[in-house]
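The values are calculated or read from the model by the stated rules, or taken from the named source; none is laboratory data. This one's a predicted model, so the numbers in the text were calculated from it and none came from an experiment. Cβ placement follows ideal geometry from the backbone for every residue including glycine, while neighbour counts extend to all protein chains displayed. Surface accessibility is based on the protein's heavy atoms, side chains included, excluding ligands, DNA and RNA. Shrake-Rupley method; radii C 1.70, N 1.55, O 1.52, S 1.80 Å.
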Amino acid sequence: MIDPLERWREHGEKPDYAGLLTFGGLPYTEDPAELEGVDVAIVGAPTDDLVSDRPGTRFGPRGIRAASCPHGPHLEVKIDAFEELRMVDFGDAPVLPADAARSHAAIEATVGQVLAAGAIPIVLGGDHSIAEPDIRACATKHGPVGLVHFDTHTDTGTEVFGLEVSHGTPMYRLVEEGSVDPRRYVQIGLRGYWPGPTEFGWQEDKGITSFRDQGIEEIVRQALEIVGSGPCFLSIDVDVLDPGFAPGTGTPEPGGLTSTELLWAARTVAAGIELVGADVVEVIPTAVGSADVTALVAERTVREVMTGIALARAEE
């Protein structure tokens, strides 16, 4: 007779609703010393103090983890990232509610610990303002990075409601400070009614590229050519999806990508760039576990990024 306890200990096999809540059941650690030899580390950034519309993304990291399922081989590309890569869940950055500056400092420091160990951080947001500290941490280690940015919005405002630090301003600030190379910066999925001529004029002057209607396969092909070689960050705001696929987000906008398009694109981009970090942001969970469609598609997007990393490593 099979002893369930022994099988759990030997193989790590357990239902996705059992055990410590980590991403995909990954081993959990908050000790930087245990990052040695790790390829990928999950980091939570549970903060939404800088949103301009619907709050709730502070619960995103927990919701994404709760939507995880046991690992297995990817049915299309026939590779299991959990088997090919050494990965851990590094827990959440020690954010401080109502103090965005200290929360951002904590996120940057936590991501910096992952980078110092030679691992790739995948950050679970949180609102999109977290891109500022996590991309800055990557640029501190690697120099100015390229950026592939999936989003409804450019997030290149100089201010939102009079505030210079917001979930609508991180990319402007990162370009201006030199953390992101604007000529290796590609935006995918823009639509709707914000921003306006001032922001797009600034982007044109800087050499930022925006895509919308060419079809996802052609867009990704051109994006990979533009970012080229060199360290690159992948930032995915779930509002790039049509609200039918991701209703739980702060600023939904009809007319977006399908989940099939985003999952394919996330994997393909991650496999085709020199990925030094990634984030998936703006998830507002509306239920617990896999019943939450937005947390579920966000979790699968992270898995596609992991699969892309594994594919790239396999080709080295």
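Among 108, 225, 132, which one moves the most in a GNM of the chain with springs linking Cα atoms closer than 10 Å?
Top of the fluctuation ranking is 225.
How much accessible surface does residue 200 have with a 1.4 Å probe, in Å² rounded to 10?
80
Amide H neighbours of residue 279 under 5 Å, at least 5 residues apart or on other chains, H built in the peptide plane: list them.
123, 234, 235, 236
Give the distance, in whole Å, between the Cα centre of the stretch 150-175 and the Cα centre of the stretch 215-283.
18
Under a 10 Å cutoff between Cα atoms, tell me which one of 125, 112, 178 has the largest fluctuation in the Gaussian network model of the chain.
With Cα springs under 10 Å in the chain, the top fluctuation among 125, 112, 178 is at 178.
Leaving ligands, DNA and RNA out of it, report the carbon-plus-sulfur percent of the accessible area of the stretch 248-302 at a 1.4 Å probe. List each step's numbers first, then the result.
On the way: 990 of 1660 Å².
After summing per-atom areas, the C and S share lands at 60 percent.
For 205, 53, give me the order by solvent-accessible area with a 1.4 Å probe, most accessible first, ignoring ligands, DNA and RNA.
Descending order: 205, 53.
Evaluate Rg over Rh across the stretch 196-249, taking Cα atoms for both radii and Kirkwood's formula for Rh. Intermediate results must be reported in sequence, preceding the final value.
Values: Rg = 13.7 Å, Rh = 13.5 Å.
Expressed as Rg/Rh, it is 1.01.
Only four residue types carry charge here, +1 at the Cβ of Lys and Arg and -1 at the Cβ of Asp and Glu. Report the dipole size of the stretch 216-316 about the Cα centre in Debye, rounded to the nearest 20. Kindly include the intermediate steps, with their values, before the conclusion.
Values: 5 positive and 16 negative charges, 53 e Å.
In debye, rounded to 20, the stretch 216-316 gives about 260.
With every protein chain kept in place and ligands, DNA and RNA left out, what is the accessible area per residue of the chain? Probe 1.4 Å, answer in Å². Working shown, then result.
Working: 13520 Å² over 316 residues.
On a per-residue basis, the chain sits at 43 Å².
Could you work out which residue, out of 78, 141, 206, moves most in a Gaussian network model of the chain, that is, has the largest mean-square fluctuation with Cα springs under 10 Å?
Of 78, 141, 206, the most mobile in the Gaussian network model is 78.
Are there chymotrypsin sites (Phe, Trp or Tyr not before Pro) in the stretch 90-163 that DSSP marks as loop and that have at most 15 other Cβ atoms within 10 Å, and which are they? Walk me through the intermediate numbers first.
On the way: sites: 90, 150, 161; in loops: 161.
Qualifying residues, ordered by number: 161.
Going out from 0 in 5 Å bins, what whole percent of all Cα-Cα distances in the stretch 183-302 drops into each bin?
2, 11, 20, 23, 21, 15, 7, 2, 1
Three principal axis extents, largest first, for the C-alpha atoms of the chain, in Å?
On the principal axes, the chain reaches 70, 43, 39 Å in Cα extent.
Just the number, please: Stokes-Einstein D of the stretch 31-181 in µm²/s, Kirkwood Rh from C-alpha pairs, 25 °C, 0.890 mPa s.
On the way: Rh = 16.3 Å.
In µm²/s, the coefficient rounds to 151.
Over the stretch 57-182, with every protein chain in place, what whole percent of the accessible area is carbon and sulfur at 1.4 Å, could you tell me?
53
Give the shape of the stretch 116-251 as rounded, prolate or oblate, defined through the alpha-carbon gyration tensor: a ≥ b ≥ c are the square roots of its eigenvalues, a/c under 1.5 means rounded, and otherwise the shape is prolate if a/b is larger than b/c and oblate if not. The partial results should precede the final answer.
Numbers: a/c = 1.23, a/b = 1.15, b/c = 1.07.
Here the stretch 116-251 falls in the rounded category.
If you place +1 on the Cβ of every Lys and Arg and -1 on the Cβ of every Asp and Glu, how big does the dipole about the Cα centre of the chain come out, in debye to the nearest 20?
Numbers: 23 positive and 51 negative charges, 31 e Å.
Charge dipole, the chain, about its Cα centre: 140 debye, nearest 20.
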